[in-house]
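First comes the structure, then the notes that go with it.
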Amino acid sequence: MRSLFHLAYHVKDLNDCRRFYGDILGCTEGRSTETWVDFDFFGHQISLHLGKPFETTRTGKVGDHMVMMPHLGVVLPLEDWLTLASRLESFDVKFDIPPVVRFEGEPGEQRTMFFFDPSGNPIEVKGFKDFNGVFAH
């Protein structure tokens, strides 16, 4: 059995996050209070709590890109990734790194895109044709 991850982090405004994670990303909302809300983040649980978002810096060198660190993310089957990329574009989400192929022709070839939630938390979504390549080296 594969495990689910749980990640809790700070956001500035729960209503902005409900719109972004729910309406734009298509995540289903779970339990909530006045100070936090859970979402089904592509089969995993995230808990968004009111507070100061974590500090990030552009210090992660991956391929040709310097990416924001730390960041959260998910790996999707390529077809789902393509659908999500189109959905984000239709909502005019501003990409930090637009949808791109990374490590083309190499082990671990993938699609990736980076964007920010309304609180400035960086999110990466990867897409793989074959999940056997996720840990390829």
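What follows is calculated from the coordinates using simple rules that are stated; it is not laboratory data. In this text the structure is predicted, and so the values were computed from the model without any measurement. Cβ: placed from backbone, ideal geometry, glycine included. Neighbour counts: every protein chain shown.
Where does the longest stretch of the chain lie that holds no trypsin sites (Lys or Arg not before Pro) found in a DSSP loop with 16 or fewer other Cβ atoms within 10 Å? Walk me through the numbers on the way to the answer.
Values: sites that count: R2, K12, K94, K129.
In short, 13-93.
By how many degrees, 0 to 90 and rounded to 10, does the Cα axis of helix 78-90 deviate from the longest principal axis of the chain?
In the chain, helix 78-90 runs at an angle near 50 degrees to the longest axis.
Normalised by the number of residues in the chain, what is the relative contact order in percent for Cα pairs under 8 Å and 6+ residues apart? Don't jump to the answer; show the numbers that get you there.
Details: 248 pairs, mean separation 30.7, N = 137.
Relative contact order comes out at 22 percent.
Using a simple charge model, +1 on the beta-carbon of Lys and Arg, -1 on the beta-carbon of Asp and Glu, nothing else, what dipole does the chain show about its Cα centre, in debye to the nearest 20? Can you show the working numbers first?
Working: 14 positive and 20 negative charges, 48 e Å.
Roughly 240 debye, rounded to the nearest 20.
Which loop GluC sites (Glu not before Pro) in region 32-125, with loop taken from DSSP, have no more than 12 other Cβ atoms within 10 angstrom of their Cβ?
Numbers: sites: E34, E55, E79, E89, E104, E109, E124; in loops: E34, E55, E104, E109.
Those satisfying the criteria are E34, E55, E104.
Which entry is the computed Cα extents along the principal axes in Å for this structure: [x] 69, 56, 22; [y] 43, 32, 27; [z] 48, 34, 29?
Entry [z].
Once you have the Cα-Cα distance between E89 and F103, take 0.36 nm times their residue separation minus that, and quote the gain in nm to one decimal.
On the way: separation 14, 0.36 × 14 = 5.04 nm, distance 2.30 nm.
Gain in length upon complete extension: 2.7 nm.
For H65 and L7, calculate 0.36 nm times their separation in residues minus their Cα-Cα distance, and state this gained length in nm to one decimal. It would help to have the intermediate numbers written out before the result.
Working: separation 58, 0.36 × 58 = 20.88 nm, distance 2.48 nm.
So the chain would gain 18.4 nm between H65 and L7.
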